[in-house]
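Presented below is the structure to which this report refers.
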Amino acid sequence: MTLLKVENLKKSFKDVNAVNDITFQVNKGEIFGLLGPNGAGKSTTISIISTLLNPTKGKVFYRGEDIFKNPKAIQEKMGVVPQEIALYPTLKGYENLKFWGNLYGLKGNNLKKRIDEVADIVGLKDKLKTKVENYSGGMKRRLNIAAALLHEPEILIMDEPTVGIDPQSRNHILDTVLELNKKGMTIIYTSHYMEEVELLCTRISIMDKGQVIALGTKDELVNIIKGHKKIELTFDNIPPNLLDKLKIIEEVEEVDSKDNIIILTMKNGDMAFKDILDKVMGTESSILSIDIKKPSLEAVFLHLTGRALRD
Amino acid sequence: MRILSMIIKDLKVILSDKKALGTILLMPVILTSILSAALQGNFGGEDFTRTVDIAIVKEYDKEKDKEKLKDTMRDMSNMVDLEMDIENMLDDNLDMEKIFFDEFLGNEDIKKFIDYKLTDREKAISLLKDGEVDSIVILPDNFLYDMNVNFLTTYRNEIDIKVVGDPDKSISTQIIESIMMGFTENLSSMIIGKNVFIEKALEEGGSFDVFNNLDTVIENISEELEESRVVVKNITIEGKKPISSFGYYSIAMTTMFILFSAGLGGRALLEEKDNTTYQRMIVSGTSKADIIAGKFFTIFSLALIQITTMITFSTFVLGVDWGNIINVVAISLLACFAVSGLGILISSLTFKSGNYKMANVFETVIIQGMALVGGSFFPVEIMPSFVQKLSLLSVNGLALKSFHKVMMGYEFKLIWKYLLSLFGIGVLCIAITLYVLKERGRVKNA
């Protein structure tokens, strides 16, 4: 079931097209990833969906309702975890959650119960009496998430929620995201960390320069470069003429070397192992290892744009 | 509910900031204590360089006094051709009215200080209450008669020249008193000299050999001076109390420091945006109007806390009597309203500009300017007249004026104009704020 539908969305700031005619939909119960480098247009897209920005063109529908005609349609059902820590540092964790809960119309025992629950989810139950300014970066990020969960949103939008935190807090947040999704929450997750998106997301939209350059499940995206798997051969010494011998194998598209490693880029899914091993065995050098690299989203992005994700 | 939550949250945030707390609550208490104590002795300063406006009330009847004097003189024995002499004297050298108004008040030196108008008692009181004159000089019934009797005979009739002053303008009143005193002392000296001279002449058997005993004459003059028969009485307006330095600075600091609440509020909206809490509020479904209302009432509450703190402190620690409690509450609420309007106006302009320049200018220039022209540093009466008019455009100036009046015992009907102005300023600021933010559209976040 389609929960959110983005149609031909465009947002321009003066002469810059931050988002340029993008279309995608988010299904109920999935974790939808927006992957792209900084400046790709992810945050602008999120801001429009969150009703913070009006688009220059295009529409966004939530459960079939135009969110710009009726912002409440999505606001009440949506939790937003902004990239920045949108909290009051001089207030205690509890006071922050109480305030945000109040804004979502929660009060009394129900509010207390929800504060307990979300604090438990993000692992901050025993830190609520501490002022936020005394939290670590990871704790602040977790409280930032907790504040978005108070009203039990149907859809959670997370904008780079793990930026600048320690691995332990990062893992905690990723586990939390999976746990929330397991309970039925639909999540839109933006990140420029390819590993996070690979780990979490059911479907992924890769964005670059304001456009969606690829969209699908991880497998679907990887299939774009299915024939471009890589094999790394490590030698004690690279034998002379081996590079030339490998190049004549039909399935090999490209041969490269670095130090004692030969990197083969294959044309298709067929590994052509027999042919490769035949060429290697005919040399006097010892082969130390053979590493078959699975295609990643990083490789997909590189393939599609000619640039690495973190460029 | 949302607005209330925002107010509580904002107050918690502000009150958790020790620096802000010091500025808005502790500073006015400290400054009031220091300034009140330091200026206690010479407090009440008004402008000595400007002209003092007075109303003169003639309660005597010139013709009646003249006739009465003639009768008196006629009754006195051994005077020849009395009627003719008295008529000549009164029309010529001893026309006391002419002496008082033309020679005394018309003197070039006196004219530099005093500008007078003749009127009746009722009108004079009304002018004094409206602040159009600083004092009233009442020349009593029989004034001319008594003056002439004192001059022409050995009788000494007491003449009470009353100076009715505005306690708000105690220095002006003192100036008038001093000048009147100078006039009457001169007259007294002349009268005494004349009396001593006549008495001595009589003692000497009517001869003019008294100059041989000049030392005795002077001694007698000194004794007579102590029994001067022309006196000036200072009276304040009925029911009105003068303000002490403690009272003045309690009001002055309160009305100045509530402007800092507006200053704090002026930064609030942009700070929320910079912290992205503004955006979070918007996506939670909180309307811009709710957010602005929240900021408005936060500033209102903060200013009210300041005023309450200052009134409590000054009442119980400094012993200041603020006057009618209902009027004080009314002024406090309207001053808070105006300050809150000002605060959200600054806030909206700061928000729109996207930097803190506007808020900084307000805190460093506008607040200080308002404090100066509003009378928070010095009584506004010592300022040039255009500054005095400007003070009525400043929130603190209007609040200060209103609190003063109530502290002195004035009734509501004499402060409602100031309160209406405070209300008007608040409404105007809110209207401009709404216009400014309406122009803005949605918030840019990416």
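Quick rundown of the values:
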{"item": "Only Lys, Arg (+1) and Asp, Glu (-1) charged, at Cβ; the stretch A:141-199 dipole about Cα centre in debye", "result": "180"}
{"item": "Label point 7 Å beyond Cα of A:Lys69 along Cβ direction - residues of the stretch A:30-52 with amide nitrogen under 20 Å", "result": "A:48-52"}
{"item": "Using a Förster distance of 25 Å, the FRET efficiency for A:Glu220-A:Lys182 (Cβ separation, nearest 0.05)", "result": "0.65"}
{"item": "Lys, Arg +1 and Asp, Glu -1 on Cβ, resulting dipole of the stretch A:2-222 about Cα centre, debye, nearest 20", "result": "760"}
{"item": "Exposure proxy order (Cβ contacts within 10 Å, fewest to most) of B:Met253, B:Met281", "result": "B:Met281, B:Met253"}
{"item": "Two-site FRET efficiency, B:Glu97 against B:Asp130, from Cβ-Cβ distance with R₀ of 30 Å, rounded to 0.05", "result": "0.60"}
{"item": "Whichever lysines have a C-alpha closer than 16 Å to that of B:Lys70, once near sequence neighbours (fewer than 8 apart) are set aside", "result": "B:Lys62"}
{"item": "Radius of gyration and Dmax over the Cα atoms of the stretch A:226-294, both given in Å", "result": "10.9, 33"}
{"item": "Inter-label distance, nm, simple model (7 Å from Cα along the C-beta direction), B:Leu434/B:Thr312", "result": "3.5"}
{"item": "Violating pairs (Cα-Cα greater than 26 angstrom) within the set A:Lys5/A:Lys209; B:Lys112/B:Lys405; A:Lys59/B:Lys9; B:Lys12/B:Lys273", "result": "B:Lys112/B:Lys405; A:Lys59/B:Lys9"}
{"item": "Cut-off under 5 Å, modelled amide H: who pairs with A:Leu34 long-range", "result": "A:Tyr189, A:Thr190, A:Ser191, A:Ser205"}
{"item": "Residues B:Ile138, A:Ile48, B:Ile325 arranged by fewest to most Cβ contacts within 10 Å", "result": "B:Ile325, B:Ile138, A:Ile48"}
{"item": "Residues of the stretch B:146-160 with amide N under 17 Å of the 7 Å Cα→Cβ point at B:Arg121", "result": "B:159-160"}
{"item": "Within-9-Å neighbourhood charge of B:Lys58 [Cβ basis; K, R +1; D, E -1]", "result": "-3"}
{"item": "Cleavage-rule hits (GluC sites (Glu not before Pro)) in the stretch A:65-96: DSSP loop, at most 11 neighbouring Cβ within 10 angstrom", "result": "none"}
{"item": "Cβ-placed point charges (K, R +1; D, E -1), dipole of the protein assembly as shown about Cα centre in debye, nearest 20", "result": "6320"}
{"item": "Added length on full extension, which subtracts the Cα-Cα distance from 0.36 nm per residue, B:Lys111 to B:Leu393", "result": "98.4 nm"}
{"item": "Between the stretch A:58-77 and the stretch B:356-433, the alpha-carbon center distance in angstrom", "result": "48"}
{"item": "Within a Gaussian network of chain A (alpha carbon springs, distance under 10 Å), most fluctuating of A:Thr44, A:Thr90, A:Thr217", "result": "A:Thr90"}
{"item": "Total lysine pairs whose alpha carbons fall under 13 Å of each other in the stretch A:226-294 (8 or more apart, or interchain)", "result": "12"}
{"item": "Virtual spin-label span in nm between B:Phe412 and A:Glu251, 7 Å along Cα→Cβ", "result": "9.7"}
{"item": "Chain lengthening between A:Glu117 and A:Asp175 when straightened (0.36 nm per residue, less Cα-Cα)", "result": "19.3 nm"}
{"item": "MRE, 222 nm, helices only [DSSP H, n ≥ 4, -39500 (n - 2.57), over the protein assembly as shown, to nearest 500]", "result": "-16000 deg cm²/dmol"}
{"item": "Which of A:Gly105, A:Leu304, B:Met181, positive extreme of dipole for the protein assembly as shown (C-beta unit charges)", "result": "A:Leu304"}
{"item": "log10 of Debye I(q)/I(0), alpha-carbon scatterers only, for the protein assembly as shown at 0.10, 0.11 Å⁻¹", "result": "-1.04, -1.14"}
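FYI, it's all coordinate maths here, none of it is from the lab. Since this is a predicted model, take the numbers as computed values, not measurements. Methodologically, a virtual Cβ is constructed for each residue, glycine included, from the backbone with ideal geometry; neighbour enumeration extends over all protein chains shown.
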